[in-house]
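What follows is a short report on a single structure.
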Amino acid sequence: MRIIKTANLILISILFLACNSKTQSVKHIYYLHGRIIEMQGKEAYSEDFGKYEIDSIASAIKVDNAVLHCDIRNYDTDVKVYAAKVSEEIDSLVNSGVKPSDITVIGASKGAIIACNISDMNIHDINYIFLAGNNDYQEDNNDWKFHGKVLCIYDLSDNIAGKDYSYWKQKENFTSKFEQIEVETYLGHGFLYKPIDDWIIPAREWIISQTF
């Protein structure tokens with residue numbers, strides 16, 4: 001009887017570890033920063049919006065058991081070329097066995113434009129967060145058809161790229177989910193320069209909750 005109990009305990013332990021290992025799959029987060037970092041480097045500072053706190057942002061968006069990809073792009077990077085580069089990396093991750101639901105691309109400002117191009121060209125059902133990346137110019141000059149699970153966050157006080165994403169949501173897409181969140185921080189386009197709760201909290205929830 002004691003042997004049976006021990007065997008049962010071992011079996012339970014094995015099942016627990018197996019289940020736990022499944023829930024602890026490694027996530028990959030790509031954070032694509034704004035253009036000012038390209039132009040000035042990591043210490044970028046805007047007279048209008050202050051310091052771009054890229055290190056604090058990177059720390060705030062990194063969830064448990066995740067690899068954060070946060071490269072500093074070269075000066076005046078070509079949007080489509082860089083989008084193709086990241087798209088190829090995503091393909092490699094998926095081909096190596098990483099679940100699409102464990103990959104998230106977060107783009108801020110110009111980074112959001114790059115993320116939009118990735119979502120247009122990459123067919124995998126990964127997660128996207130477009131942060132302050134829409135205006136009349138983007139709608140007039142692009143014909144994106146998004147893939148994946150898309151969350152858009154825009155600030156009503158942002159007069160640079162604070163337009164909502166309804167235009168894109170109503171277009172033909174290949175998305176499995178498309179949501180948008182409106183905030184009003186009164187920081188203008190500078191709301192993305194800091195890891196403020198208005199966008200950090202929903203971003204982290206999006207990364208964690210898209211599990212299928």
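All of the numbers you see were taken from the coordinates with simple rules; none came from a lab. Fair warning: this is a prediction, and the values are worked out from it, not measured in the lab. Cβ atoms come from the backbone with ideal geometry, glycine included; neighbour counts cover every protein chain shown.
Structure summary
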quantity: Listed residue (ILE129, ASN159, ILE29) projecting farthest to the positive dipole end of the chain, Cβ model; calculated: ILE29
quantity: Rounded FRET efficiency, nearest 0.05, which uses the C-beta distance separating GLU172 from GLU43 and R0 of 41 Å; calculated: 0.45
quantity: Per-peptide average of other Cβ atoms within 10 Å, ordering 155-164, 142-151 highest first; calculated: 142-151, 155-164
quantity: Note, ³J(HN,Hα) from phi for segment 140-154, Karplus 6.51, -1.76, 1.60, rounded to Hz, x at Gly and Pro; calculated: 7, 10, 9, 10, 5, 10, 6, 10, x, 9, 10, 10, 10, 10, 9
quantity: Cross-link reach list, lysines versus LYS62, counting only Cα pairs under 16 Å and skipping chain neighbours closer than eight places; calculated: LYS27, LYS194
quantity: Net length gained if the chain between ASP91 and ASP55 were fully extended (0.36 nm per residue, minus Cα distance); calculated: 10.3 nm
quantity: Sequence-distant lysines (8 or more away, or on other chains) whose Cα lies within less than 23 Å of LYS171; calculated: LYS80, LYS110, LYS145, LYS149, LYS163
quantity: DSSP bridge orientation in segment 26-209 - percent antiparallel, rounded to nearest 5; calculated: 5
quantity: Cα pair distances in the chain, grouped into 5 Å bins until the bin that holds the longest one, percent each; calculated: 1, 7, 15, 19, 19, 15, 8, 4, 3, 3, 2, 2, 1, 1, 0, 0
quantity: Label-point gap, in nm, between TYR137 and ASN74 - each point 7 angstrom along Cα→Cβ; calculated: 2.2
quantity: Cross-link partners of LYS99 among aspartates and glutamates (Cα-Cα below 20 Å; sequence separation of 8 or more within a chain); calculated: ASP64, GLU88, GLU89, ASP91, ASP120, ASP125, GLU205
